[in-house]
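These notes concern the structure reproduced below.
The numbers here are math on the coordinates, done by the rules we state, and not lab data. These numbers were taken from a predicted model, which means no experiment stands behind them. As a convention, Cβ positions derive from the backbone with ideal geometry for all residues, glycine included, and neighbour counts pool all protein chains shown.
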Amino acid sequence: MLPTIEWKGDSVVMIDQRKLPASEIYVTCRTANDVARAIKTMIIRGAPAIGVAAAMGIALGMRKSKATGTKQFATEFQKTCALMAATRPTAVNLFWAIDCMKRTFAEAAQAGASVGEITDRLEAEAVKIHDDDVASCRSMGAHGASLVPEAATILTHCNAGALATAGYGTALGVIRAAVEQGKRIAVLADETRPFLQGARLTAWELVKDGIDTTVITDNMAGSIMRSGQIDLVVVGADRIAANGDVANKVGTYPVAVLAKEHGIPFYVAAPISTIDLKTADGSGIPIEERNAREVTHVGSSQLTPAAAHIRNPAFDVTPAKFVTAIITERGIARAPYDSSLRELCRTPNRT
Ligand code: MRU
């Protein structure tokens with residue numbers, strides 16, 4: 001698997017996900033501003049991946065800082081954190097990663113560390129967030145694979161794969177782990193209008209791994225479910241509220257409703273860093289509204305009349321009652337989610 005994002009000491013390198021699958025181009029970010037722009041413009045996307053990018057962006061910004069005193073350094077640090085926080089609003093992993101960096105800074109400053117020592121600790125924390133994410137995905141995969149029967153056909157929406165994480169993937173991690181256990185798996189990948197993460201990214205990753213993959217348009221899932229050809233659904237998440245409501249790529253909610261109607265299990269795979277206990281339910285999750293051009297155009301061709309109004313909410317919220325189980329790196333949570341999620345979040349696994 002090609003790396004999604006890599007720390008290079010004086011730069012951050014990431015694969016340009018806007019260009020896939022046509023070209024495999026790597027972008028080098030040399031400043032915190034470059035990283036913030038990469039998150040905003042979807043060079044890198046996917047909840048855990050943008051958390052890693054934000055942490056690396058902060059580490060990079062502070063590595064390039066010219067501040068000599070800790071006071072000026074602290075002011076620049078706060079500004080860099082604010083820059084990353086303003087990139088995208090929905091995925092909570094971004095804010096979780098910024099909080100990790102803030103905690104590292106505060107602990108180092110409190111211990112009397114110099115600017116150079118704080119910089120080193122920030123870099124080590126960003127690399128740890130990256131490495132922990134790969135380990136979480138592997139562990140999520142192991143837990144989730146136990147829910148996948150032999151010879152299953154699995155529907156997924158958007159891209160919750162290696163590209164959306166530091167590696168291996170959340171929902172695709174579950175699929176990869178089931179395949180590694182020797183199960184015969186076929187995947188149906190929703191195209192995922194308007195940004196086409198399913199058609200472009202999920203299909204690209206799975207085909208590269210030799211996994212049987214069929215791309216369908218988003219409006220085909222219902223009839224394929226009714227014909228009995230889907231055994232389970234597994235998707236990722238951008239933010240999970242304390243009551244188990246799940247924000248994920250727009251189009252996830254209708255898939256969940258259809259799955260319930262057809263008696264098909266609907267699983268969500270996400271790391272603990274995606275669970276936001278401070279948000280009571282889905283109504284408190286900010287939904288990003290993206291540029292109309294993503295809807296009006298495919299490439300340079302305009303599909304819609306110029307005078308038409310356009311909506312482009314990038315995420316939707318699936319109420320907890322449609323979610324069969326939430327797969328995390330610490331185990332599987334089931335309803336009632338208020339207690340099961342709180343319980344899973346209680347035991348810290350970060351050292
Ligand atoms: O707008 P994106 O591409 O960043 O949205 C990504 C998704 O909605 C993914 O399904 C989600 O982040 C889970 S990724 C492990």
Practice task
Multiply the residue separation of Ile310 and Asp99 by 0.36 nm, subtract the distance between their alpha-carbon atoms, and state the gained length in nm to one decimal.
Solution key: 72.5 nm
Problem - Qualifying GluC sites (Glu not before Pro) in segment 137-237, DSSP loop, other Cβ atoms within 10 Å at most 13 - result: Glu150
Practice task
Would you mind ranking Val235, Val215, Val127 by Cβ crowding within 10 Å, fewest neighbours first?
Solution key: Val127, Val215, Val235
Handout entry: Which listed pairs, of Lys71/Lys278; Lys64/Lys102; Lys19/Lys208; Lys102/Lys278; Lys128/Lys183, have C-alpha distances above 20 Å, in listed order
Key = Lys71/Lys278; Lys128/Lys183
Handout entry: GNM result for the chain, Cα springs below 10 Å: residue of Arg293, Arg176, Arg193 fluctuating most strongly
Key = Arg293
Practice task
Please give the contour-minus-distance gain from Met220 to Ala151: 0.36 nm per residue of separation, less the Cα-Cα distance, rounded to one decimal in nm.
Solution key: 22.7 nm
Handout entry: MRE, 222 nm, helices only [DSSP H, n ≥ 4, -39500 (n - 2.57), over the chain, to nearest 500]
Key = -12500 deg cm²/dmol
Handout entry: Sorted peptide list for 167-175, 221-229, criterion being average Cβ within 10 angstrom, highest first
Key = 167-175, 221-229
Handout entry: Highest to lowest packing among 305-318, 40-53, 14-27, scored as the average C-beta count within 10 Å
Key = 40-53, 14-27, 305-318
Exercise for the section: Would you work out if segment 143-346 is rounded, prolate or oblate? Take a ≥ b ≥ c from the square roots of the eigenvalues of the alpha-carbon gyration tensor; rounded if a/c is under 1.5, else prolate when a/b is larger than b/c, oblate otherwise. Expected result: oblate
Completion exercise
So, with points 7 Å from each Cα along the Cβ direction, the Leu303-Ile287 label distance in nm works out to 1.9 nm
Practice task
Note the full-extension length gain between Ala106 and Thr28 as 0.36 nm times their separation in residues minus their Cα-Cα distance, in nm to one decimal.
Solution key: 25.2 nm
Handout entry: Share, in percent, of DSSP beta bridges within the chain that are antiparallel, nearest 5
Key = 50 percent
Exercise for the section: Take the chain, connect every pair of alpha-carbon atoms lying under 10 Å apart with a spring to form a Gaussian network, then pick out the residue of Thr80, Thr274, Thr304 with the largest mean-square fluctuation. Expected result: Thr304
Problem - Relative contact order %, the chain, counting alpha carbon pairs below 8 Å whose residues are six or more apart - result: 16 percent
